Amino acid sequence: MPVPRTERPIRIGYARTSTARQELASQLEALHRAECHKIFSEQISTRVKVRPELE
């Protein structure tokens, strides 16, 4: 018989904007509301192929 899960899933969030003029605030707020345990964020162009926080 399977044991019922009482633990909440671990949620990891990632927020990104492609220009410094754009704001991360709304994305970060949504990730906090989604109860993410760890949130990575960066402001980096989509032309850049290496995204340190996403890695």
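Look at the stretch 17-45 and say how many of its residues are of a type in the set (D, E, K, R) and out of contact with any Lys or Arg (no Cβ under 9 Å at 6 or more places or on another chain).
4
Among all residue pairs at least 6 apart or on different chains, which show Cβ distances below 7 Å where the first residue, located in the stretch 12-23, is open to solvent by 60 Å² or more (accessible area, probe 1.4 Å) and the second is small (G, A, S) and in a strand (DSSP E or B)?
Hits for this filter: R16/S41.
Could you please let me know if E35 is modelled with pLDDT of 90 or more and not basic (K, R)?
yes
The values are calculated or read from the model by the stated rules, or taken from the named source; none is laboratory data. Everything numeric here is computed off the predicted structure, so don't read it as measured data. When we count neighbours, we look across all protein chains shown, and the Cβ atoms used for this are built from the backbone with ideal geometry, even at glycine. When the accessible area is computed, the model is the full protein with side chains, heavy atoms only, and any ligands, DNA or RNA have been set aside. Shrake-Rupley method; radii C 1.70, N 1.55, O 1.52, S 1.80 Å.
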